[in-house]
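Please read the structure below before turning to the comments.
The values are calculated or read from the model by the stated rules, or taken from the named source; none is laboratory data. Bear in mind that the values here come from a model prediction, so they are computed numbers and not experimental data. Cβ sites come from the backbone with ideal geometry, for glycine too, and all protein chains shown count toward neighbours.
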């Protein structure tokens, strides 16, 4: 058991709560019994698990078996040490260090019916995480993040994905112009969420490769997307409501695509 706050492993894991350290190490931290179990279940590249058993959690027995079956190392730490390693105010008592997965354009596979999600400059970690979870539930497997979008491995983003991040191909830091070029070359019809667009419910969404652009919560999509010759769609709203939360709006748009295509 690790009991010292000066332990090198403890200090290293604590450092991964900062974006710069995560980027340099190409690692990130996930926390919570359900999240760690989901990471193991989805074959995340888990390097090591740290657990605090002072409350004798019943979840540990199941997780312990899963870790042993997959030869994932784990180590017990005391409560004081765990609090230093954790990014949550009330930690559950388990966290894992996971290797980041780096994807490239060659990992993007387009076929009939493919839907790619493009997230352009989103700033709220909860929005990004919720959108990724919703996208996976709606059948999306491939996502582009433009520069300026909140860090994919931000702890709040990760918690909001509830493990969906392990089943998505996410390309980060992709400039809008490169994304648009890719879509044009690969024959993707591009839609963009915009309050001035046509109603999503009146837009015919054939079973063709499609990309959906969702912009920044306050300012919408960046200039490159606004100037591009792409189709704009909106969600009709009553009672003079101007807009919806970005995650809510994305979910409605994606599920209208699903509804029209009958995929789920």
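Which condition from (1) touching a strand residue (DSSP E or B) at 6+ places or on another chain (Cβ under 9 Å); (2) modelled with pLDDT of 95 or more is the one that residue 196 breaks?
(2)
Can you find, within region 145-162, the residue that is nearest to residue 111 (Cα to Cα) among those that are in contact (Cβ under 8 Å) with a residue 60 or more places away in the chain and buried (at least 22 other Cβ atoms within 10 Å of the Cβ)?
146
Picking from 126, 113, which residue would you name as being surrounded by fewer than 21 Cβ atoms within 10 Å (Cβ to Cβ) and either modelled with pLDDT of 95 or more or outside any loop (DSSP other than H, G, I, E, B) (or both)?
126
Checking residue 79 against (1) out of contact with any strand residue (DSSP E or B) (no Cβ under 8 Å at 6 or more places or on another chain); (2) free of Cβ contacts under 8 Å to residues at least 24 places away in the same chain, which test does it fail?
Only one criterion in (1) out of contact with any strand residue (DSSP E or B) (no Cβ under 8 Å at 6 or more places or on another chain); (2) free of Cβ contacts under 8 Å to residues at least 24 places away in the same chain is unmet by residue 79, namely (2).
Within region 231-264, take every residue that is in contact with a helix residue (DSSP H, G or I) (Cβ under 9 Å, 6 or more places away or on another chain) and loosely packed, with under 12 Cβ neighbours inside 10 Å and give me the one that is nearest to residue 177 (Cα to Cα).
So the residue we want is 236.
Yes or no: residue 228 farther than 30 Å from residue 22 by Cα and either surrounded by fewer than 15 Cβ atoms within 10 Å (Cβ to Cβ) or out of contact with any helix residue (DSSP H, G or I) (no Cβ under 8 Å at 6 or more places or on another chain) (or both)?
For residue 228, the condition - farther than 30 Å from residue 22 by Cα and either surrounded by fewer than 15 Cβ atoms within 10 Å (Cβ to Cβ) or out of contact with any helix residue (DSSP H, G or I) (no Cβ under 8 Å at 6 or more places or on another chain) (or both) - is not met.
Residues being surrounded by fewer than 21 Cβ atoms within 10 Å (Cβ to Cβ) and closer than 21 Å to residue 45 by Cα: count how many of those fall in region 171-180.
Result for region 171-180: 1.
Among the candidates 123, 61, which residue alone is free of Cβ contacts under 8 Å to residues at least 24 places away in the same chain and either outside the structural domain of residue 217 (by TED's automatic domain parsing) or farther than 22 Å from residue 256 by Cα (or both)?
Checking each option against the conditions leaves just 61.
Residue pairs, Cβ under 6 Å, 6 or more apart or interchain, first in region 1-28 and closer than 18 Å to residue 165 by Cα and outside the structural domain of residue 155 (by TED's automatic domain parsing), second buried (at least 16 other Cβ atoms within 10 Å of the Cβ) and modelled with pLDDT under 95. List them.
Note: pairs meeting the criteria are 17/87.
Does residue 46 fit the bill of being crowded, with 20+ Cβ neighbours inside 10 Å, touching a strand residue (DSSP E or B) at 6+ places or on another chain (Cβ under 7 Å) and closer than 20 Å to residue 90 by Cα?
no
Within region 148-167, is there a residue that is assigned to a strand (DSSP E or B), assigned by TED's automatic domain parsing to the domain that holds residue 123 and modelled with pLDDT of 95 or more?
So far as region 148-167 goes, no, none of its residues is assigned to a strand (DSSP E or B), assigned by TED's automatic domain parsing to the domain that holds residue 123 and modelled with pLDDT of 95 or more.
So, residue 136, is that one within 21 Å of residue 36 (Cα to Cα), touching a helix residue (DSSP H, G or I) at 6+ places or on another chain (Cβ under 8 Å) and in the same structural domain as residue 169 (by TED's automatic domain parsing) or not?
Here the answer is yes, as residue 136 does meet what is asked.
Between 36, 51, which is closer than 14 Å to residue 72 by Cβ, more than 24 Å from the chain's Cα centre (by Cα), at pLDDT 95 or above and in the same structural domain as residue 87 (by TED's automatic domain parsing)?
51
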